[in-house]
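As structure tokens, the structure follows; a few thoughts come after it.
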Amino acid sequence: MARKEYERPKNVVDEKLFRTDMLPSDSTSIADISWKEIFTDPILQGHISKALENNLDIRIALESINSAEAYLKQSKAAYQPTLSIGPNYTFQTQSINTQFGQIIGERRYVNQFDITASIGWEADIWGKLKAQEKAQLATYLGTVAAHKAVKSSLVSSIASAYYQLLTFDAQKRIITETIAVREKNLEATKALKTSGTVTEVAVQQSEALVFNAKSLLIDIDTQIQLLENTMSLLMGEPSHSIERSTLEGQKLPIDLKLGYPTQLLANRPDVMRAEFNLMNAFQLTNAAKAQFYPTLKLTGSGGLQSVDIDHLFSVNSLFANVVAGLAQPILNKRQIQTNYDVSLANQETAYLNFRKTVLTAGKEVSDAIRVFSVQDSFIELKQKELDAYKKSVDYSQELVNYGMANYLEVLNASVNSLNAELNISNARYSKMKAAVELYQALGGGWK
């Protein structure tokens with residue numbers, strides 16, 4: 001047997017694949033948990049379920065599975081003999097001007113009728129057919145893994161978009177409240193100008209802040225609608241408004257268990273698919289190597305043959321022949337060697353892609369761990385920054401009222417306060433998004 005058995009390459013995954021200095025490792029992984037237990041918002045669950053049912057990429061991936069399954073069934077049938085049967089009619093007459101025709105001296109006409117069955121079978125001595133079957137099996141399993149990858153990505157995309165939508169809603173409320181406050185401050189500034197405390201410059205600057213906030217409101221409304229359109233597409237529907245709850249009502253698991261790096265091989269669909277591609281290339285190399293060895297084929301034919309259709313089904317019309325042949329390729333314009341060399345190169349390429357996919361998975365886990373683990377400290381500092389800016393706004397406004405400060409200080413404090421408040425909402429979203437990305441990076445979402 002020329003065929004070798006596949007073995008997973010050593011040292012593809014080691015215990016230092018991703019950085020766990022910010023979060024502890026554990027024998028269990030959140031990737032083993034169903035997405036329904038991770039994303040507990042009933043409205044979000046409904047959106048994810050609808051997307052898994054209607055998303056066009058999901059349906060395309062399913063058709064790829066059906067196609068690969070058909071090829072797998074074909075490869076399993078390669079062990080079976082080929083059989084064909086059919087009736088034939090032959091009319092023949094010879095030339096009188098040939099040597100044979102001169103001997104006979106007259107033209108003769110021959111009618112021949114036959115019903116022939118032909119059978120052929122190739123013995124899988126060197127494991128070529130078995131290797132081809134295993135290659136097709138790896139292709140099939142690769143399409144299944146690709147389907148899982150689409151599901152995992154889709155679940156994460158819907159969750160991230162949903163949380164982004166809730167963040168936009170929160171920011172819209174902040175901007176709306178800011179507009180009301182700035183319009184109130186504008187009226188107060190006009191009163192201060194009337195009393196001679198500030199100049200027209202302060203009035204114009206206050207009015208500019210109102211316009212600025214209103215432009216931000218237009219922008220956030222646009223972002224909301226664009227994101228709703230994106231979510232509608234993910235759910236396989238025309239663009240429409242998206243039902244949702246509030247940012248404050250969202251809860252994600254606090255204890256994000258990482259598992260061990262080797263679990264990525266069983267949890268990450270893209271890693272699984274990369275290894276199945278390597279298996280496919282390995283088995284195709286086996287099949288290419290088997291081409292160097294002799295091929296044993298058995299062929300046979302039999303049936304009924306007669307020049308008179310009335311006697312076609314007579315016992316005397318029976319005929320049969322069986323041929324056993326062993327063919328060893330000698331010269332074939334280097335086709336077999338080229339095929340083998342190419343298969344070796346493809347196998348090495350598949351290994352390198354497998355290795356790259358594993359390293360990329362480790363990087364994505366490390367990135368998500370870092371972002372998730374620092375967000376609480378970041379949010380805390382941003383909250384302190386916001387509190388300081390709010391006090392600055394109050395103090396500077398009071399000083400302006402008494403003519404003890406420039407109104408520019410109030411404007412700067414107001415702008416900084418709004419930015420800090422928007423940054424806090426972005427940081428909260430970043431934490432939720434990092435949790436989603438960590439869940440996906442570890443291989444969650446398809447179970």
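Quick note: the coordinates plus some simple rules give every number you see, no bench work behind them. Predicted, not measured: the structure shown is a model, and the values here were computed from it. Using ideal geometry, Cβ is built from the backbone for each residue, glycine included, and neighbour counts are taken over all protein chains shown.
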Crossing angle, helix 335-401 versus the chain [Cα axis fit, 0-90 degrees, rounded to tens]: 10 degrees
Largest fluctuation, ASP341, ASP270, ASP310 only, Gaussian network model of the chain with Cα springs under 10 angstrom, belongs to ASP310
What whole-number distance in Å separates the alpha-carbon centres of segment 269-342 and segment 52-72? 31 Å
Put +1 on the Cβ of each Lys and Arg and -1 on the Cβ of each Asp and Glu in the chain; which of ILE60, LEU386, TRP121 then has its Cα farthest toward the positive end of the dipole? TRP121
ASN111 label point, 7 Å along Cα→Cβ, cut-off 20 Å on backbone N: hits in segment 294-328? 304-318
Run the numbers on segment 362-425 and let me know its relative contact order in percent, using alpha-carbon pairs under 8 Å that are six or more apart. 38 percent
Report the convex hull volume per residue for segment 323-385, counting only C-alpha atoms, in Å³. 129 Å³
Which angle between 0 and 90 degrees, to the nearest 10, do you get for helix 56-76 versus the longest principal axis of the chain when only C-alpha atoms count? 20 degrees
When we measure straight from the Cα of LYS36, which aspartates and glutamates land under 20 angstrom away, once same-chain ones fewer than 8 places off are left out? GLU53, GLU243, GLU248, ASP255, GLU437
What aspartates and glutamates sit close enough to LYS190 to cross-link, taking a C-alpha to C-alpha distance under 19 Å and skipping anything fewer than 8 places away on the same chain? GLU200, GLU207, ASP394, GLU398, GLU409
Mind checking the dipole of the chain: about its Cα centre, +1 per Lys or Arg Cβ, -1 per Asp or Glu Cβ, Debye to the nearest 20? 1280 debye
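Are any of the pairs LYS10/LYS134; LYS134/LYS356; LYS10/LYS333; LYS50/LYS134; LYS193/LYS384 more than 26 Å apart by Cα-Cα distance, and if so, which? Write out the running numbers ahead of the final one.
On the way: LYS10/LYS134 21 Å; LYS134/LYS356 24 Å; LYS10/LYS333 37 Å; LYS50/LYS134 35 Å; LYS193/LYS384 33 Å.
Cα-Cα > 26 Å for LYS10/LYS333; LYS50/LYS134; LYS193/LYS384; rest within.
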Measure of size requested: the Rg and Dmax of segment 92-190, with Cα atoms as the atom set and Å as the unit; please supply both. 42.1, 129
Do you know the relative contact order of segment 164-299, to the nearest whole percent, from alpha carbon pairs under 8 angstrom that are 6+ apart? 23 percent
Of the candidate values (i) 1.06; (ii) 1.29; (iii) 1.00, the one computed for Rg/Rh (Cα atoms, Kirkwood Rh) from this structure is (ii)
Report the chymotrypsin sites (Phe, Trp or Tyr not before Pro) located in segment 287-353 that are in a DSSP loop and have at most 16 other Cβ atoms inside 10 Å of their Cβ, or state none. PHE292, PHE313
